[in-house]
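Visitor: So that we are looking at the same thing, I have put the structure below in structure tokens.
Only the coordinates and a few stated rules stand behind these numbers; no lab work does. A quick note: this is a predicted structure, and the numbers were derived from the prediction, not measured. Positions of Cβ are backbone-derived with ideal geometry, glycine not excepted, and every protein chain shown enters the neighbour counts.
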Amino acid sequence: MARYSDVRNSGERYSDDRGMGWLSVRGLAMMAGGAALAVVASRLLPPVVAQMAGSARASSGRDAFDALINDHRHIQSLLNEMVQTPIDATMRRTQLLLRLKRRLAAHAMAEEDVVYPMLHDQAHKQDDTRQLYGEHAEMKMHLFTLERLPKDDPRWLAVAHELKRIVQGHIRQEEEIDFPALRNALDQGETAVMSGSVAREKALIL
């Protein structure tokens, strides 16, 4: 027959095990909740911080137009490298294409969600706005083709050259005509809002 002390000790161990199990479940739940909050914060904070920084830059005289033009130079540089790659540089072509897609995606999102609606409404450049949206669609189709084609396919370079041509004309239209028109149509407060919104949209991808 088990002694009373043995039964009591067994009960204490059982109680301790249950307590440890309960604490473990609660601890895991707290850890999971903390991890979820960290994920949410990691997604939400960069765009919020970027928006504040963009607005601050506009207040100091450096607005979204400068940032967008800087994007243009980066995109042109990547395209210039792409069209100079030899046919056997498949890895290099893949790397450049991925970098171009990432940069163009962030840039296009900022323009399509912020700049072009303002160009349409505030600068009253409806025809230009439709043209710019259409050119973005063309670029995306060419990027899709470049991604699908083998990187040593002779057609790859021809598509890259055509993409470069479309992008160069698009940039020229924006920098020489549409950006100046929109800049003139916005007051200082509207420019600051636009700069913050552009920075926020780009942060969602970059």
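Visitor: For K125, which lysines qualify as cross-link partners when the Cα separation must be under 26 Å and same-chain residues fewer than eight apart are set aside?
Guide: Straight-distance partners of K125: K140, K164, K202.
Visitor: So, by mean Cβ neighbours within 10 angstrom, what's the order for 105-116, 183-194 with the highest one leading?
Guide: 105-116, 183-194
Visitor: May I ask you to compute the full-extension gain from R165 to E112, defined as 0.36 nm times their residue separation minus their alpha-carbon distance, rounded to one decimal in nm?
Guide: 17.0 nm
Visitor: I need the Debye-formula profile for region 152-201: one equal scatterer per C-alpha, no solvent, reported as log10 I(q)/I(0) at q = 0.20, 0.28, 0.29, 0.30 1/Å, two decimals.
Guide: -0.77, -0.98, -1.00, -1.02
Visitor: At 7 Å along the Cα-to-beta-carbon direction for both D153 and Q122, put a label point, then send me their distance in nm to one decimal.
Guide: According to this spin-label approximation, the distance is 4.2 nm.
Visitor: Can you spot the aspartates and glutamates whose alpha carbon is less than 17 Å from K101's alpha carbon? Ignore those fewer than 8 places along the same chain.
Guide: In chain and number order, the partners are D71, E81, E111, E112, E135, E138, E147, E162, E201.
Visitor: Taking each pair of distinct Cα atoms in region 50-206 once, what is the resulting Kirkwood hydrodynamic radius in Å?
Guide: Radius from the Kirkwood sum: 16.2 Å.
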